[in-house]
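First up is the structure itself, then whatever we jot down about it.
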Amino acid sequence: MKKLVLAVAVGLVAGVVALAAAMPGMTTCLTIEHAGLERLPDGTLVDPSLSADERGAVRELREQGAHWVRAFIGGVAAEPIVAFLGEGGGHAPWLRSHPVGSTHFVATRACVVIGPQGRTVGIIAHELMHADLHARAGAWHRHMTVPTWFDEGLGMQLDHRPRYSLAPGAAGSTDGVRALESPSLFFAGNDAELTCHYAYAKAEVGRWLVRIGGPAELAERLQRIRQGEPFESVWRD
Ligand SMILES: [Zn+2]
């Protein structure tokens, strides 16, 4: 019996390791509540190494980030799990972490993971916007129809890091970014190329928001995606 329990335990661990290698984002979101993080009273998960002051600060940042999303699109549709990691890596080794931040999904579940360099309202609002798009467009339609450049361009509307803002008139047409439909196309290249992808996506989506009548129309457009309308038609009309 003991051997059987041991075999099952070894099998489970091997399964998690294999899953983490194959699908690190999904594994992160699936297991994040069991990854050695502590839960604050508002539900935020934090690295155990965060001081009391840091815990207060990240709770405040999370609230402000949600406020920015609410002000931008007229409400908050998502209820993601939000985690703040620390410098020391005091969490399970399989968690996918980025020094700034990233958002991962498993079906309808969304997990915003903020790294130690991502503790600004703009970066948190950017990641929360990914979760909001996922909630509004629906997991299936987001996955099947929403291109990566649009998802990132929308997040960037709330992200005011100067390196991602094109000088007015500097770039000419930015519509070439619309070829970067998948994560493997968008998140490719060196640091300078990636910066360009984000900046062009930000400009392209920014122009579109002006054309459709501002972010107030955005919720309506995302609802149309949820109802099964192809992205191209939602973008065009
Ligand atoms: Zn993003």
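Taken together, the values in this text are just the output of simple stated rules run on the coordinates, not laboratory data. The model shown is predicted, which means the values in this text are computed figures rather than measured ones. For neighbour counting, all protein chains shown are included, and Cβ atoms are generated from backbone atoms with ideal geometry for every residue, glycine included.
Tell me, rounded to the nearest percent, the portion of alpha carbon pairs in the chain spaced more than 30 Å apart. When every Cα pair of the chain is considered, 29 percent fall beyond 30 Å.
Farthest toward the positive end of the dipole of the stretch 138-237, out of GLY206, GLY176, PRO147, is the Cα of GLY206, where the dipole comes from beta carbon charges about the Cα centre.
About its Cα centre, what dipole magnitude does the stretch 24-137 give when the only charges are +1 on Lys and Arg Cβ and -1 on Asp and Glu Cβ, stated in debye to the nearest 20? Can you show the working numbers first?
On the way: 9 positive and 12 negative charges, 59 e Å.
Value, rounded to 20: 280 debye.
In degrees, nearest 10, range 0 to 90: what is the angle between the Cα axis of helix 121-137 and the longest Cα principal axis of the chain? Long axis of 121-137 versus the principal axis of the chain: about 90 degrees. Judged by a Cβ-Cβ distance under 4.7 Å, the unpaired cysteines of the chain are CYS196.
Taking every DSSP helix (H) stretch of at least 4 residues in the chain, weighting each as -39,500 (n - 2.57) and dividing the sum by the residue count yields a mean residue ellipticity at 222 nm of -16500 deg cm²/dmol.
Cα gyration tensor of the stretch 138-237, axes a ≥ b ≥ c as square roots of the eigenvalues: rounded (a/c below 1.5), prolate (a/b > b/c) or oblate?
On the way: a/c = 2.02, a/b = 1.38, b/c = 1.47.
Note, shape of the stretch 138-237 comes out oblate.
With only Lys, Arg, Asp and Glu charged, each at its Cβ (+1 for the first two, -1 for the last two), find how big the charge dipole of the chain is about the Cα centre; round to the nearest 20 debye.
Working: 22 positive and 25 negative charges, 83 e Å.
Dipole about the Cα centre, nearest 20: 400 debye.
Report for the stretch 24-137 the percent antiparallel among DSSP-assigned beta bridges with both residues inside it, nearest 5.
55 percent
Annotation for the stretch 19-60 versus the stretch 163-212: alpha-carbon center distance of 30 Å. Summarising the strand pairing of the chain, around 55 percent of its internal DSSP beta bridges are antiparallel.
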